[in-house]
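The values are calculated or read from the model by the stated rules, or taken from the named source; none is laboratory data. Just so it is clear, the model here is predicted, and its values are computed rather than measured. Cβ placement follows ideal geometry from the backbone for every residue including glycine, while neighbour counts extend to all protein chains displayed. Note: areas computed on protein heavy atoms with side chains; ligands, DNA, RNA excluded. Shrake-Rupley method; radii C 1.70, N 1.55, O 1.52, S 1.80 Å.
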Amino acid sequence: MWKIGELARRTGLTVRTLHHYDSIGLLSPAERSEGGHRVYGEDDVRRLYRIVSLRSLGFPLDAIAGVLDRDGVDPRAAVADHLHRLEDQMARDRALRRRLRSLLGRLETEDFLTTIEEMTMHQRYYSPEQLQQLEQRRRSLGDAAIRDGEREWGEIFATLRAEMEAGTDPADPRLRPLAERGRALLAMFTGGDPGIKQSLNEMWQHEDPAKLSHGMVDAEVMAYYGRVQAAAG
């Protein structure tokens with residue numbers, strides 16, 4: 001039999017920890033000394049060993065209680081369930097790390113609040129999985145290809161504005177190459193993923209084009225571009 005202070009010294013745990021385990025019903029010794037102090041027996045020590053073992057694997061205390069207090073529970077199932085939750089958390093942590101790296105890189109040249117606003121806006125339209133795909137796509141394309149794509153979009157929109165102001169019919173065959181090039185650039189950005197394309201379209205439909213394009217195109221030119229694409233079929 002061990003008093004709480006003795007058990008704490010032998011195990012390297014603190015008395016406060018053992019008190020906490022008792023208060024939440026995780027390890028409550030049934031025996032008391034004549035003075036009313038907690039006294040731990042062999043069964044308590046065995047249970048404490050299992051608690052410490054599960055804690056070393058990262059199990060939260062409420063999950064440990066569920067494992068220890070269920071008769072016939074398969075420890076492999078408990079570990080597999082905990083592993084699944086850890087992998088989910090790791091995936092969320094990796095996604096957060098990617099967003100932080102992206103933010104850090106952009107803060108070198110862009111305003112902090114503007115960058116956060118854009119990231120939040122993207123999270124409203126793209127799922128976490130889509131954002132991960134887009135980040136992988138960005139890395140595979142490389143910065144040079146992305147800059148070239150942005151330059152081409154600028155040229156497309158500038159040409160569209162000039163044609164719109166000149167009164168050119170959106171169905172004019174001369175504009176078809178612009179529509180085809182725009183589709184090619186879109187496919188390069190989305191990787192041909194229909195879900196990402198749909199999320200992108202929804203964002204451009206509901207947000208200010210001037211804000212999305214950093215002033216490259218306004219709502220009027222964007223509407224004209226939509227008519228050009230529709231005419232191109």
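Out of the residues in the range 1-22 that are open to solvent by less than 50 Å² (accessible area, probe 1.4 Å) and of a type outside the set (Val, Ile, Thr), which is farthest from the chain's Cα centre (by Cα)? Give the derivation first.
Of the residues in the range 1-22, the ones open to solvent by less than 50 Å² (accessible area, probe 1.4 Å) are 4-5, 7-8, 13, 17-18, 21-22.
Now narrow it down to the ones that are of a type outside the set (Val, Ile, Thr): 5, 7-8, 13, 18, 21-22.
On the way: Gly5: 45, Leu7: 43, Ala8: 41, Leu13: 36, Leu18: 37, Tyr21: 34, Asp22: 37 Å.
Per the stated criteria, the residue is Gly5.
Among all residue pairs at least 6 apart or on different chains, which show Cβ distances below 7 Å where the first residue, located in the range 26-42, is in contact (Cβ under 8 Å) with a residue 40 or more places away in the chain and the second is among the charged types (D, E, K, R) and open to solvent by 40 Å² or more (accessible area, probe 1.4 Å)?
Every condition considered, the pairs that remain are Gly41/Glu31.
Does at least one position in the range 101-115 carry a residue that is modelled with pLDDT under 85, closer than 30 Å to Ala63 by Cβ and touching a helix residue (DSSP H, G or I) at 6+ places or on another chain (Cβ under 8 Å)?
If we filter the range 101-115 for residues that are modelled with pLDDT under 85, which is where we start, we get 101-115.
Now restrict to residues that are closer than 30 Å to Ala63 by Cβ: none.
No, the range 101-115 contains no residue that is modelled with pLDDT under 85, closer than 30 Å to Ala63 by Cβ and touching a helix residue (DSSP H, G or I) at 6+ places or on another chain (Cβ under 8 Å).
Which of the helices (runs of 4 or more DSSP H) found entirely inside the range 4-83 contain at least 1 residues meeting this: modelled with pLDDT under 85 and out of contact with any strand residue (DSSP E or B) (no Cβ under 8 Å at 6 or more places or on another chain)?
Details: elements: 4-11, 15-23, 42-56, 61-68.
Once the helices (runs of 4 or more DSSP H) in the range 4-83 are filtered for at least 1 residues that are modelled with pLDDT under 85 and out of contact with any strand residue (DSSP E or B) (no Cβ under 8 Å at 6 or more places or on another chain), what remains is 42-56, 61-68.
Need the failing condition index for Ala230 against (1) free of Cβ contacts under 8 Å to residues at least 12 places away in the same chain; (2) exposed (fewer than 12 other Cβ atoms within 10 Å of the Cβ), just the number.
Of everything listed in (1) free of Cβ contacts under 8 Å to residues at least 12 places away in the same chain; (2) exposed (fewer than 12 other Cβ atoms within 10 Å of the Cβ), Ala230 misses just condition (1).
Of the residues that sit in the range 186-199 and are modelled with pLDDT of 90 or more and open to solvent by less than 30 Å² (accessible area, probe 1.4 Å), which one is nearest to Leu134 (Cα to Cα)?
Across the range 186-199, the extreme among qualifying residues is Ile196.
Determine, yes or no, whether Gly182 is in a helix (DSSP H, G or I), touching a Phe, Trp or Tyr at 6+ places or on another chain (Cβ under 8 Å) and at pLDDT 90 or above.
Values: in a helix (DSSP H, G or I): yes; touching a Phe, Trp or Tyr at 6+ places or on another chain (Cβ under 8 Å): yes; at pLDDT 90 or above: yes.
Spelling it out, Gly182 is indeed in a helix (DSSP H, G or I), touching a Phe, Trp or Tyr at 6+ places or on another chain (Cβ under 8 Å) and at pLDDT 90 or above.
Return a yes/no flag: does the range 138-154 have any residue that is touching a Ser or Thr at 6+ places or on another chain (Cβ under 8 Å), exposed (fewer than 12 other Cβ atoms within 10 Å of the Cβ) and in a helix (DSSP H, G or I).
No, the range 138-154 contains no residue that is touching a Ser or Thr at 6+ places or on another chain (Cβ under 8 Å), exposed (fewer than 12 other Cβ atoms within 10 Å of the Cβ) and in a helix (DSSP H, G or I).
Within the set of pairs 6 or more residues apart or between chains, which connect a residue that is under 20 Å from Ala230 (Cα atoms) inside the range 148-171 to a residue that is open to solvent by 60 Å² or more (accessible area, probe 1.4 Å) and among the basic types (Lys, Arg) with Cβ atoms less than 6 Å apart?
From the range 148-171, the pairs are Pro170/Arg227.
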